Structures are given as C-alpha cells and as structure tokens.
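**Q** To start, I am sharing the structure in question, which I have written as structure tokens.
The values are calculated or read from the model by the stated rules, or taken from the named source; none is laboratory data. This one's a predicted model, so the numbers in the text were calculated from it and none came from an experiment. Please note: Cβ atoms are built from the backbone with ideal geometry, for glycine as well, and neighbour counts cover all protein chains shown. Quick note on the areas: whole protein, heavy atoms, side chains included, nothing else; ligands and nucleic acids left out. Shrake-Rupley method; radii C 1.70, N 1.55, O 1.52, S 1.80 Å.
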Amino acid sequence: MTGSATPGAAPEPREEAAPPAGPRDRVLPTYARAEVTIVRGEGCRVWDDAGRSYLDFVAGIAVVGLGHGHPRVTEAARAQLDRLWHASNLYWTEPMLRLATLLSARLGGAQAFFCNSGAEANEAALKYARKATGRPRIVALEGGFHGRTLGALSATGQPGKWEGFGPLLPGVAFVPPNDVEALEAAVSPGGDVALVLIEPILGEGGVIALDEPFARAAGEIAREVGALLCVDEVQAGMGRTGTFFAHEGLGLEPDLVTLAKGLGNGLPIGALLVADRAAGGLAPGDHGSTFGGNPVAAAAACAVVESIDDGLLANVRERGARLVAGLGRLPGVLDVRGRGLLLGAVLDREVGPVVDACRDRGLLVLSAGPDVLRLTPPLVVSAEEVEEALDILAATLSR
Ligand code: PLP
C-alpha cells in the first residue's frame with residue numbers, strides 16, 4: 001500500500017521490488033546475449049535499435065556470406081514469396097529441384113536431402129551412415145561441434161555440452177584432430193564403424209584446421225573398413241575458406257557432406273549431400289522434414305550457390321590473407337589459425353572482454369573457446385572494411 005506512512009516516522013524498510021517482467025523474460029535463457037538489438041543490415045554492416053552501426057565480422061556466425069540484404073538473394077526469396085511458400089515433401093517443388101541440381105554439380109553428381117539447420121543435416125548423416133552400412137558406431141573429433149540435437153550432440157567432442165542431457169547415443173568415440181594413429185586405432189576393421197565425422201576446420205572448437213595428411217588418412221581409413229566419411233561443412237563450407245567446399249583444399253573425396261549456415265545467407269536451410277559412390281542408403285519413409293527444402297529458403301539458396309564464383313572466392317582468399325597478416329601483428333595475438341575468412345586469433349588474455357570492447361567500438365567479432373577471437377565476416381568484405389576492423393582490433397588490444 002502507498003500513502004500510509006506516519007508523517008515524521010522513519011520510513012519502513014522497503015523490499016527491493018523485482019523489475020517487471022519484460023519481453024526478454026519470455027525467452028528461454030539458452031543464450032548469453034549481448035545487450036544489443038539488431039534491427040537492420042546492409043552489406044557488412046548492421047544497425048541496432050538506437051541507430052548505432054557496427055561493422056559485422058560475425059555475419060550471423062558464418063551465415064551471411066554474401067552480406068546483409070544481398071540484392072540477388074533478396075530478389076530470389078521475394079519472387080518465391082509471391083509464388084509459393086510451402087507445399088510439403090509430398091510433392092516436388094521447383095526451387096528444391098534446382099538447388100539439388102546446383103549442389104550436385106558442385107559435388108560430382110551427389111544427391112541432396114534438405115532440412116533446416118546444421119544439426120539436422122548431421123542427424124541425417126548419422127542416420128544415413130547407420131542405415132547404409134548396417135553398423136552402429138561413430139568416430140568423431142575431440143573438440144568438434146556438430147549441433148545441439150541429441151544425435152549431433154552425441155557426436156560433438158565437447159563434454160561440457162553433454163552435461164545434464166545423458167544418456168547420449170552409445171558407440172561414439174573421439175580422437176584428437178590431426179592424430180592419424182588415434183584415428184587408425186578407433187576405426188579398426190571389424191570395429192563396426194558406420195561413420196567418421198570431421199570438420200575441416202573445427203570452428204566452435206577453437207578454429208583448428210585439419211592438416212592434409214590427417215584429412216587424407218581419414219578418407220583412406222574410413223574406406224578401408226567400409227565406413228562412410230562425412231565432412232561437416234556447416235561452418236567452413238559455402239566458400240568460406242576460399243573454395244566452394246572447404247574439403248577441396250584438403251584433397252578429400254567425402255562420401256557425405258553437411259551444409260547449413262551460409263547456404264541460405266540467413267534463411268534457415270541445411271543439406272546432406274551424398275556422393276554418387278555412397279548412394280542408395282535411404283528409401284522413402286526412412287527420413288524426412290516438413291519444412292526441408294522449403295521453396296523460399298531453397299530459392300534463396302540457389303541464388304547463393306550461383307553467386308559463389310571465382311571472383312568471390314578470390315576475394316575470400318585475398319581478404320583472408322590480409323587479415324592473417326594484420327592479426328599476426330596485433331598486440332596480444334599469440335597465433336593466427338584457420339583459412340580464408342574463418343579465422344581465429346589466439347590471445348594472451350580472455351577473449352570475452354575483447355569481444356565486448358570491440359562491440360563498444362563498433363565492431364562485431366566472436367569467440368571460439370576462452371582465448372580465441374574468431375572472425376567470420378561476410379565473404380564480400382572489402383579491403384577497406386578489413387583495414388577498419390584491424391584498426392579497431394589494434395585499438396582494443398592495445399588498451
Ligand atoms: N556443425 C558445425 C560445424 C557448426 O559450426 C554448427 C553450428 O555452429 C552446427 C553443425 C550446428 O548448426 P545449427 O546451429 O544450424 O544446428
């Protein structure tokens with residue numbers, strides 16, 4: 001009650017009133033979000049609800065490869081919105097067929113299964129490998145990340161993320177990245193391995209690139225025992241490392257490839273690609289997704305695939321090389337890892353405050369573990385924007 005205090009008497013101690021619940025309390029707190037609400041994007045920049053602009057070297061976590069509001073992708077999605085939003089997978093739709101054809105041309109006649117995210121693409125790979133081989137086991141990499149659904153989580157080599165969610169899938173073994181002997185031991189003949197699942201660059205796991213001998217050995221070892229090799233290109237694919245698929249730079253011929261993130265430039269879509277030689281693993285009724293291959297997302301993805309040309313890939317390599325050189329000269333940077341525009345700078349300090357300080361200075365960057373600063377700018381980033389980012393990083397790291 002208010003207005004009941006006796007005049008002159010000491011005020012009664014008041015309990016600190018809890019702030020009224022707002023829209024943010026209506027969201028399950030699964031993310032530690034920054035105090036920023038992004039409302040608009042254009043090219044390599046985004047704006048918050050106070051009108052402040054940021055140079056975006058996060059790109060929605062390696063998603064908006066062609067930059068925000070890319071005219072060709074926007075037009076493709078808009079035209080499809082006017083034509084057909086959804087029809088289900090009971091029927092064929094044109095954008096889905098066109099996307100399958102475009103991706104197949106990039107991966108030597110592969111077949112595609114479409115879904116909505118990276119985790120779902122990896123779930124499809126796990127199921128595909130088990131059904132195709134009739135075996136149960138999976139071998140993946142320590143520190144690898146494949147998604148948060150239970151199957152993908154079970155193949156994610158980061159025990160901290162498993163806590164409280166067990167029991168996970170049985171029969172998953174992890175080996176350290178770039179350790180051929182450990183891989184040989186885990187994928188032994190008669191060991192019932194269905195799938196070897198690797199990221200070409202462990203993005204969430206600290207931007208750790210696989211070396212070519214390990215990648216080649218993974219392909220050979222899997223083939224020798226009749227297991228399938230899946231390269232998870234959810235983060236590293238779609239041009240991000242300077243080739244359309246990241247595995248191209250590793251001389252690998254995977255049986256399965258998973259894609260998501262950059263495939264839709266921000267519209268949700270994922271894909272499992274099955275190479276020709278591994279075909280025939282699934283039949284009607286074995287797997288599905290109501291929204292998989294959604295016409296609007298697929299139309300946007302077609303425009304994305306068609307936009308990843310030699311000029312764009314050259315830009316990725318050139319801007320990436322300049323970033324590597326520039327990052328290596330910054331104070332507090334101990335090492336620079338990754339390829340193309342999937343880069344990590346190992347710092348001599350905790351990365352969280354650096355990410356916050358960069359944001360305060362108008363640059364969005366992200367982390368990959370406690371001391372790795374990760375940069376995943378749009379693939380269209382200009383030379384001037386790279387210099388601007390390096391200047392902000394220099395100022396931030398100099399303190
Ligand atoms: N695989 C890799 C390599 C990833 O980096 C991610 C997400 O960061 C995933 C899978 C999961 O993708 P999504 O968040 O779309 O489920």
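**Q** Find all pairs meeting these conditions: Cβ atoms under 7 angstrom apart; at least six residues apart or on different chains; first residue within the range 42-70 and within 23 Å of Ile269 (Cβ to Cβ); second residue open to solvent by 50 Å² or more (accessible area, probe 1.4 Å) and in a strand (DSSP E or B).
**A** Val46/Ile38; Val46/Arg40; Asp56/Arg45; His68/Glu42; Gly69/Glu42
**Q** Also, I was wondering about something else. For the subset of the range 333-377 comprising residues that are basic (Lys, Arg) and under 20 Å from Phe145 (Cα atoms), which member is surrounded by the fewest Cβ atoms within 10 Å (Cβ to Cβ)?
**A** Our first condition is that a residue be basic (Lys, Arg); within the range 333-377, this holds for 337, 339, 349, 359, 361, 374.
Then drop every residue that is not under 20 Å from Phe145 (Cα atoms), which leaves 337, 339, 374.
Details: Arg337: 20, Arg339: 23, Arg374: 26.
In this case the residue turns out to be Arg337.
Okay, residues lined up against (1) among the hydroxyl-bearing types (Ser, Thr, Tyr); (2) more than 25 Å from Gly219 (Cβ to Cβ):
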{"position": "Thr258", "(1), (2)": "yes, no"}
{"position": "Leu263", "(1), (2)": "no, no"}
{"position": "Leu273", "(1), (2)": "no, no"}
{"position": "Pro284", "(1), (2)": "no, yes"}
{"position": "Gly293", "(1), (2)": "no, yes"}
{"position": "Ala298", "(1), (2)": "no, yes"}
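**Q** Okay, next question. Pairs needed: first member in the range 214-234, at pLDDT 95 or above; second member anywhere, within 16 Å of the ligand (Cβ to nearest atom) and among the polar types (S, T, N, Q); C-beta distance under 8 Å; at least 6 residues apart or different chains.
**A** Pairs that qualify, where the first residue is at pLDDT 95 or above and the partner is within 16 Å of the ligand (Cβ to nearest atom) and among the polar types (S, T, N, Q), are Cys230/Asn122; Cys230/Thr258; Val231/Thr258; Asp232/Asn122; Asp232/Thr258; Glu233/Thr258; Val234/Asn122; Val234/Thr258.
**Q** Let me ask something additional. Scan the range 257-280 for residues that are surrounded by 24 or more Cβ atoms within 10 Å (Cβ to Cβ) and more than 13 Å from the ligand (Cβ to nearest atom) and jot them down.
**A** Selection gives Asn265, Leu273, Val274.
**Q** Condition first: hydrophobic (A, V, I, L, M, F, W, C), touching a residue at least 40 places away in the same chain (Cβ under 8 Å), open to solvent by less than 30 Å² (accessible area, probe 1.4 Å) and within 14 Å of the ligand (Cβ to nearest atom). Can you find one or more residues in the range 172-187 that meet it?
**A** Taking every residue of the range 172-187 in turn, none turns out to be hydrophobic (A, V, I, L, M, F, W, C), touching a residue at least 40 places away in the same chain (Cβ under 8 Å), open to solvent by less than 30 Å² (accessible area, probe 1.4 Å) and within 14 Å of the ligand (Cβ to nearest atom).
**Q** In the range 95-149, how many residues are among the hydroxyl-bearing types (Ser, Thr, Tyr) and buried (at least 24 other Cβ atoms within 10 Å of the Cβ)?
**A** Step one: filter the range 95-149 for residues among the hydroxyl-bearing types (Ser, Thr, Tyr), giving 101, 104, 117, 128, 133, 149.
Going one step further and asking which of them are buried (at least 24 other Cβ atoms within 10 Å of the Cβ), we end up with 128.
Result for the range 95-149: 1.
**Q** Also, quick follow-up: Hey, among the residues in the range 28-41 that are farther than 19 Å from Ala297 by Cα and away from the ligand (no atom under 16 Å from the Cβ), which one's most open to solvent (accessible area, probe 1.4 Å)?
**A** Across the range 28-41, the extreme among qualifying residues is Glu35.
**Q** Quick test of your reading of the structure: Val380 fulfils all but one of (1) among the β-branched types (Val, Ile, Thr); (2) touching a Lys or Arg at 6+ places or on another chain (Cβ under 8 Å); (3) under 27 Å from Leu312 (Cα atoms). Name the failing condition by number.
**A** (2) is the only condition that Val380 fails.
**Q** Looking at the structure I just gave you, is Thr74 at pLDDT 95 or above and closer than 27 Å to Leu202 by Cβ?
**A** Details: at pLDDT 95 or above: yes; closer than 27 Å to Leu202 by Cβ: no.
Judged against the criteria, Thr74 is not a match.
**Q** Quick test of your reading of the structure: Asn122 fulfils all but one of (1) more than 30 Å from Gly190 (Cβ to Cβ); (2) within 20 Å of the chain's Cα centre (by Cα). Name the failing condition by number.
**A** Going through (1) more than 30 Å from Gly190 (Cβ to Cβ); (2) within 20 Å of the chain's Cα centre (by Cα) one by one, Asn122 breaks only (1).
**Q** So Leu252 clears everything in (1) within 24 Å of Gly369 (Cβ to Cβ); (2) in contact with a Leu (Cβ under 9 Å, 6 or more places away or on another chain); (3) open to solvent by 10 Å² or more (accessible area, probe 1.4 Å) except one condition, right? Which one?
**A** Every listed condition holds for Leu252 apart from (1).
**Q** If you don't mind, there's one more thing I want to ask. For the range 208-235, what are the residues that are part of a loop (DSSP other than H, G, I, E, B), under 24 Å from the mean Cα position of the chain (by Cα) and under 23 Å from Leu153 (Cα atoms)?
**A** Leu210, Glu233, Val234, Gln235
**Q** While we're here: Are any residues in the range 188-209 among the acidic types (Asp, Glu), open to solvent by 40 Å² or more (accessible area, probe 1.4 Å) and within 21 Å of Ile61 (Cβ to Cβ), and if so, which ones? Full working, then the answer.
**A** Of the range 188-209, the ones among the acidic types (Asp, Glu) are 192, 199, 204.
Remaining after also requiring open to solvent by 40 Å² or more (accessible area, probe 1.4 Å): 192, 204.
Of everything in the range 188-209, just one residue is among the acidic types (Asp, Glu), open to solvent by 40 Å² or more (accessible area, probe 1.4 Å) and within 21 Å of Ile61 (Cβ to Cβ), namely Glu204.
**Q** Here's another thing I want to ask about it. Could you look through the range 54-76, keep only residues that are assigned to a helix (DSSP H, G or I) and surrounded by 22 or more Cβ atoms within 10 Å (Cβ to Cβ), and pick out the one that is nearest to the ligand (Cβ to nearest atom)?
**A** Among residues in the range 54-76 that are assigned to a helix (DSSP H, G or I) and surrounded by 22 or more Cβ atoms within 10 Å (Cβ to Cβ), the one nearest to the ligand (Cβ to nearest atom) is Ala62.
**Q** Can you tell me which residue in the range 111-165 is nearest to the ligand (Cβ to nearest atom), limited to those that are outside any loop (DSSP other than H, G, I, E, B) and touching a Pro at 6+ places or on another chain (Cβ under 8 Å)?
**A** If we take residues in the range 111-165 being outside any loop (DSSP other than H, G, I, E, B) and touching a Pro at 6+ places or on another chain (Cβ under 8 Å), then Leu141 is nearest to the ligand (Cβ to nearest atom).
**Q** What is the residue count in the range 353-376 for residues that are out of contact with any Gly (no Cβ under 9 Å at 6 or more places or on another chain) and in a loop (DSSP other than H, G, I, E, B)?
**A** 3
**Q** Being out of contact with any helix residue (DSSP H, G or I) (no Cβ under 9 Å at 6 or more places or on another chain) and part of a loop (DSSP other than H, G, I, E, B) is the filter; apply it to the range 77-94 and report the residue that is least open to solvent (accessible area, probe 1.4 Å).
**A** Looking at the filtered set, the residue picked out is Ser88.
**Q** Tell me, which residue of the range 313-324 that is out of contact with any Gly (no Cβ under 6 Å at 6 or more places or on another chain) and not charged (D, E, K, R) is surrounded by the most Cβ atoms within 10 Å (Cβ to Cβ)? Even if it seems obvious, please write down each step before you answer.
**A** Keep residues of the range 313-324 that are out of contact with any Gly (no Cβ under 6 Å at 6 or more places or on another chain), which gives 314-315, 318-319, 321-324.
With not charged (D, E, K, R) added as a condition, the list becomes 314-315, 321, 323-324.
Values: Ala314: 11, Asn315: 20, Ala321: 13, Leu323: 25, Val324: 17.
It comes out as Leu323.
**Q** Run down Ser188, Ser154 and say which single residue is at pLDDT below 95, among the hydroxyl-bearing types (Ser, Thr, Tyr) and more than 26 Å from Pro377 (Cα to Cα).
**A** Answer to the check: Ser188.
**Q** Based on this model, can you work out whether Pro284 counts as open to solvent by less than 20 Å² (accessible area, probe 1.4 Å), of a type outside the set (A, V, I, L, M, F, W, C), over 20 Å from the mean Cα position of the chain (by Cα) and under 30 Å from Tyr91 (Cβ atoms)? Steps first, answer last, please.
**A** Numbers: open to solvent by less than 20 Å² (accessible area, probe 1.4 Å): no; of a type outside the set (A, V, I, L, M, F, W, C): yes; over 20 Å from the mean Cα position of the chain (by Cα): yes; under 30 Å from Tyr91 (Cβ atoms): yes.
The answer is no for Pro284.
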